[in-house]
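Quick notes on the structure that follows.
Each reported figure results from applying straightforward, stated rules to the coordinates on display, with no laboratory input. Remember, it's a predicted structure, so these values are computed and weren't measured experimentally. Here the Cβ positions follow ideal geometry from the backbone for every residue, glycine too, while neighbour counts run over all protein chains shown.
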Amino acid sequence: MGKRVLLIEDEPNIIEAISFILSRDGWSVATHANGHDAVDKVTAHAPDLLILDVMLPGKSGFEILRELREAEPTRGLPVLMLTARGQTKDREMAERAGVSRFMTKPFSNADVLDAVRELVAV
Amino acid sequence: MAPLNILIAVCLIYVAFLFVVAFAAERAAMRGRGGWLRSPVVYTLSLSIYCTAWTFYGAVGYAARSGLEYLTIYIGPSLVMFGWWWVLRRLVRIGRSQRITSIADMISSRYGKSNMLAVGVTVLAVIGTTPYIALQLQSVTLSFEVFSDVQAAGQTAPDHGATALWVAVGLSFFTILFGTRNLDVNERHHGVVMAIAVEAVVKLFALLAVGVFVVWGVAGGMSETLARIDASEIGTWQMAGGRWAGLIFLSAAAFLCLPRMFQVLVVENDNESHLRTASWAFPAYVMVMSLFVVPIAVMGLEILPEGANPDLFVLTLPLATGQEALAMLSFLGGFSSATSMVIVAAIALSTMVSNHIVMPIWLRATGGGAMVSGDVRHVVILSRRVSIAGVVGLGYLYFRFSGGGTALASIGLIAFAGVSQFLPVLIGGLFWRGATRVGAFCGLSVGFVIWVYALLLPSFGAGVILPADLMAEGPFGLGWLRPEAFFGIAGMDPLIHAILWSISLNTLAFFVGSLVSFPSPLERLQGAQFVNIFEHSSRPQSWAGGKAQAEDLMVMAQRIIGAREAQALFESEARKQGMSGVLPEPNARFLDVLERELAGSVGTATAHAMIGQITGGASVSVEDLMAVANETAQIMEHSSQLEAKSEELARTARQLRQANEKLTQISVQKDAFLSQISHELRTPMTSIRAFSEILREDGLGAGARDKYATIIHDEAIRLTRLLDDLLDLSVLENGQVSLREQSADLGTVLDHAIATALTGVSGPVIRIRRDRAAEAIRLHTDPGRLAQVFINLIGNAQKYCDAEAPVLTIEVRRAGGRVVVDFIDNGKGIATDAQGMVFEKFARVSSAHRAGGAGLGLAICREIMLRLGGSVSYLPGQGGAAFRVELPASGSMAAQ
Amino acid sequence: MTDRPALFLERRSYRRRRLTDMIRALPVVGALLWAVPLLWPLEGEGTVRTSDAIIYIFSVWAGLIVVSALLTRLMPRGEGRTDDGQDGA
């Protein structure tokens, strides 16, 4: 049983791609597609790593991250953030919210895999 | 030849002629060629419904019995007309500025829009008018019988009741046809007014013809006639002073208070200046009407056998001298008098009954008041129609049960006395600001009770309704309360006695009631508006706005005055406020305008109540009212100037604010635009890159390989479409687009658009409702581009309409050189705050639905319509999401 | 509305105001003239013949009609607006 990754993303094709890459590498991947109840989902699922999109229906990735950092059990959870809005100010916002790693889309599969391994090993 | 049959034929032909006149007048008015319909002459002639059959036939009988007393009935109204400057001018101005629909509306409006008061006045008016309608039916019936008597040998006389029934049915039909054809905001009935004007000419001509015949044909000239008058039994002045003065007063009062007179004097008045002509022309009309009455009466008494009914001399005198054609003419005159009275009385009463009794009950019964579903217009029209039939039917029943005869003949003056009870309240309301609703209630109740007790009930005779000993001894032996001798003042004429006490105690109760009560703010405001009608501008009262939801008001207004009218009104008001878009800000001024518009359809009290309901029930704050009602002329003037200035400023500020908001939004959007573009481009790119990397590796099954290739393909198409849209939009925005204009059929374009938009849709397909007949419009446009707009709108409805059974209605109509195509779905619609943004780029209303597309569709639609010389806009207040596409009707494309 | 009622009116509007006074007075005059029959004796020597009564009452009528027609004719169309104030503030 590999380590557990939770992927919060609303584009079905991207979900498919990341799930494929990670599960092939031995990770157990769960997915969730909207922002409303993302925090509850994270708390309930207690993953080893969270991959979070920014533009989500219901609640933005930044907000979700802020809430996770405020709650005790998820304070130290490694979070990899993916965004399609590749502006510097987005990166700054993510860092302020307490992101562990920030990547812009499109990404190379190898980079994602590296980042995930690195973050969970730490 | 049987005169009776001829008579019936003549009647039918005459009625058919009136139909044609009314119909032609309506047509002319509808085509806007009705200027001549509304001349002062027509106005004056329409006032002649004052002269009913009671005066046409009855005046001669009256003169034969009581000499010159009949003149009082005409002198009173003449004095009122000569004094137009005092009262009528005010009434007409108030009637116009407040959109008054009836005398009940007038009184209710003056006393704080109290519907209770309106109901009271309506009931009183119905009680006072019913016997009068019965009287008209009787006169027509009697005149028929005169002809059948002459021919009694060969034929059976027509059944008494049957004639009256046919007349009643015919009149109801005519009135319903022309009185409720449309729900005019001003309650004006061109057809009816024209028909009664024609009838006025007929009856005047008929009476003159009989008069001329009697004076020069029978009596032998003017001086001979005068000599015969002096020699007759009415040869000397025998008028009791009290009756002379009392009846002049009574007829003057009734002239102002009769519901039918109020209808023609105030409601149907088209132009205040018509009063100037009527002020002398109407007295001239009634003077000529009464000119030959005495000669006819005297000659009738002389020639006709003892015991002949003097009420019918106008008919029997020509018949007795063998002038059948003249008799026929005279019959038509009487027929005209009767019919015109019944028609106008029925319209006036039905308006009152419908506005003040039926509509409030209906609105309450259907629950939510103004917000009920369905179109109120047909309810109003239906209730008018039923009321008309009801009013005429009541008159018929009264005629049947009273059995006709003399009891009915004396009812004319009694009815006058009944409606005259409105006078103190009406005049007091015009001239005295201290008059209150409580006072009005007291006065009307007291006057009404005394009228019933001292005049109406005794008129049936001692022992019929009031027991004989009560008449003689008073109730419970209280002698000072004897119906015809209050406070022991016996020996007075019963009519004058009743008028004296009812009017004076009515006035006293009104006065005292007003003094001791305190008026509500709305009453005080309306009081000031009425009394100072010429100083104030015609603004009735102010609403504390802001709370009202413009959209709710729109929904209500559409139901009452019709969708098109309501939209036009809202749009023009929005423009006046300097707003772009369809919905004006619901400020006090706008609510004012709207209320007056609605009042024309449902009456002031109801309109007020409906708006009150939407704006939050508590209607108006005292401060607001008092600010408007401010008394001193200087402050009024000063504030009105300030108001004008501050309004100007407010408008500019509003425009600036709007522009600023827009600019801020746009700059935020410009910023967001780049971010959005980035996001929209990167998302498909992510999938493409990820899967192509996966595909490059080995060890994939054929199924997976296939699947991933398809994803890459789809995402590549998505990218292309996005780029296409972006390019399309930028080309459109820069105006570099070339249009392929050609002639096209709107229906075909829609067919194509629907087919394209709904092809390949997964899940339930929205149902489309169309009206193919309305779509048969030739357009000169770029059909491809137009279809692109339609496809977008239909596709949006398919994607976003959240109803259980989604339906999209496509409505097409022409409006002033433009073709309007509305797309209305039955979903939840778009939230008010998002409506302004839907046409902006990437402005997807809810990101929950990533239903494909990049959010550029509506922005492209807007640009295309701009190029095609039309527009596309969001239409609020339609239930679901509604978009309106407007196109130039013919080849007038916008310049590139 | 004018700014402030002037103390003296120019000649034309003075005339117009007196014309209005005449129109106001007309019904009062009519009522008085038509009240005259109240004074006629009902019995005894001086009773009035009906023909004379007719001529009197109709003469008053005709006179009032002519005067009313003349007065309303003379009054300029816009009247009632300048004198009493009017809608447009």
Find how many whole Å separate the alpha carbon centroid of the stretch B:421-500 from the alpha carbon centroid of the stretch B:222-300. 26
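Taking beta carbons within 10 Å but only from partner chains, what does the mean come to for residues C:59-66?
Details: counts 0, 2, 11, 3, 0, 8, 11, 2.
Other-chain Cβ atoms within 10 Å of each residue's Cβ, averaged: 5.
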Given +1 on the Cβ of Lys and Arg, -1 on the Cβ of Asp and Glu, and no further charges, what dipole in debye does the stretch B:652-734 carry about its Cα centre, rounded to the nearest 20? 380
For the protein assembly as shown, the charge dipole (Cβ of Lys, Arg +1; Cβ of Asp, Glu -1; about the Cα centre) points to a positive end, and the Cα of B:L177, B:G395, B:A415 closest to that extreme belongs to B:L177
Ranked list, fewest to most other Cβ atoms within 10 Å of each Cβ, for B:K841, A:K59: A:K59, B:K841
Once phi is turned into θ = phi - 60°, what whole-Hz ³J(HN,Hα) does the Karplus curve with 6.51, -1.76 and 1.60 give for every residue of the stretch B:76-84, x standing for Gly and Pro? x, x, 4, 4, 4, 5, 4, x, 3
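Counting partner chain Cβ atoms within 10 Å of every residue's Cβ in A:14-25, what's the average?
Values: counts 7, 1, 7, 10, 2, 0, 6, 3, 0, 0, 3, 0.
Neighbouring Cβ atoms belonging to other protein chains average 3 per residue here.
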Going fewest to most other Cβ atoms within 10 Å around each Cβ, A:L49, B:L208 line up as B:L208, A:L49
Going by average Cβ neighbours within 10 Å, how do the peptides B:277-284, B:756-763 rank, with the highest at the top? B:277-284, B:756-763
For B:I777, what residues show an amide H to amide H distance below 5 Å, using hydrogens built from the backbone and excluding near sequence neighbours? B:L746, B:G747
In sequence order, what are the phi-derived ³J(HN,Hα) couplings for the stretch B:486-496 according to the Karplus relation 6.51 cos²θ - 1.76 cosθ + 1.60 with θ = phi - 60°, rounded to whole Hz, with x for glycine and proline? 4, 6, x, 7, 8, x, 8, 4, x, 5, 5
Using only alpha carbon pairs under 8 Å that are at least six residues apart, calculate the relative contact order of the stretch B:742-888 and give it in whole percent. 23
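What full-extension length gain, to one decimal in nm, is calculated for B:A365 and B:W216 as 0.36 nm per residue of separation minus the Cα-Cα distance?
Numbers: separation 149, 0.36 × 149 = 53.64 nm, distance 6.47 nm.
That works out to 47.2 nm of additional length.
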Just to be sure I understand: if I project the alpha-carbon convex hull of the protein assembly as shown onto a plane and average over all orientations, what area do I get in nm²? 61.1
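Counting partner chain Cβ atoms within 10 Å of every residue's Cβ in C:43-54, what's the average?
Numbers: counts 2, 0, 0, 0, 4, 4, 8, 15, 11, 4, 9, 11.
Average per residue, whole number: 6.
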Which whole-Hz couplings ³J(HN,Hα) result when phi for each residue of the stretch B:288-298 is put into the Karplus expression 6.51 cos²θ - 1.76 cosθ + 1.60, θ = phi - 60°, listed in order with x for Gly and Pro? 5, 4, 9, 4, 9, 4, 5, x, 5, 4, 5
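What is the magnitude of the charge dipole of chain A about its Cα centre, with +1 placed on the Cβ of each Lys and Arg, -1 on the Cβ of each Asp and Glu, and no other charges, expressed in debye to the nearest 20? Display every interim value, and only then the final one.
Numbers: 15 positive and 19 negative charges, 40 e Å.
Dipole of chain A, to the nearest 20 debye: 200 debye.
Could you please report the charge total around A:A30, scoring K, R as +1 and D, E as -1 over all other residues with beta-carbon less than 9 angstrom from its beta-carbon? Don't skip to the answer; put the middle values down first.
Details: positive: A:R4, A:K41; negative: none.
Net charge around A:A30: +2.
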Using the charge dipole of the protein assembly as shown (Lys, Arg: +1 at Cβ; Asp, Glu: -1 at Cβ; taken about the Cα centre), state which of B:V288, B:L732, B:L793 has its Cα farthest towards the positive end. B:L732
Ranked by Cβ crowding within 10 angstrom, fewest neighbours first, how are B:Y708, B:Y285, C:Y14 ordered? C:Y14, B:Y708, B:Y285
Pseudo-spin-label distance C:D52 to B:D802, built 7 Å along Cα→Cβ, given in nm, is 9.4
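Can you work out the FRET efficiency for the pair B:L508 and B:F173, with r the C-beta to C-beta distance and R0 = 41 Å, to the nearest 0.05?
Working: r = 45 Å, r/R0 = 1.10.
It comes out at approximately 0.35.
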Can you tell me which of B:212-219, B:230-237 comes out highest on packing, and rank the rest after it, using the mean Cβ neighbours within 10 Å? B:212-219, B:230-237
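Mind ranking C:27-35, B:484-492 by how tightly packed they are, going by the mean number of other C-beta atoms within 10 angstrom, highest first? Could you put the intermediate results ahead of the total?
Values: C:27-35: 17.2, B:484-492: 14.0.
Answer by packing, highest mean first, reads C:27-35, B:484-492.
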Please list the non-local residues whose amide H lies under 5 Å from the amide H of B:G829, H modeled 1.01 Å from N, same-chain partners needing a gap of 5 or more. B:D802, B:A881
Which cross-chain or sequence-distant (5 or more) residues have an amide H under 5 Å from the amide H of B:T809, H modelled 1.01 Å from N in plane? B:R769, B:I824, B:D825
Over the protein assembly as shown, what is the percentage of antiparallel beta bridges among all DSSP beta bridges, to the nearest 5? 55
What does the C-alpha gyration tensor say about the overall shape of chain A? Classify as rounded when a/c is under 1.5, otherwise prolate if a/b is larger than b/c, or oblate. rounded
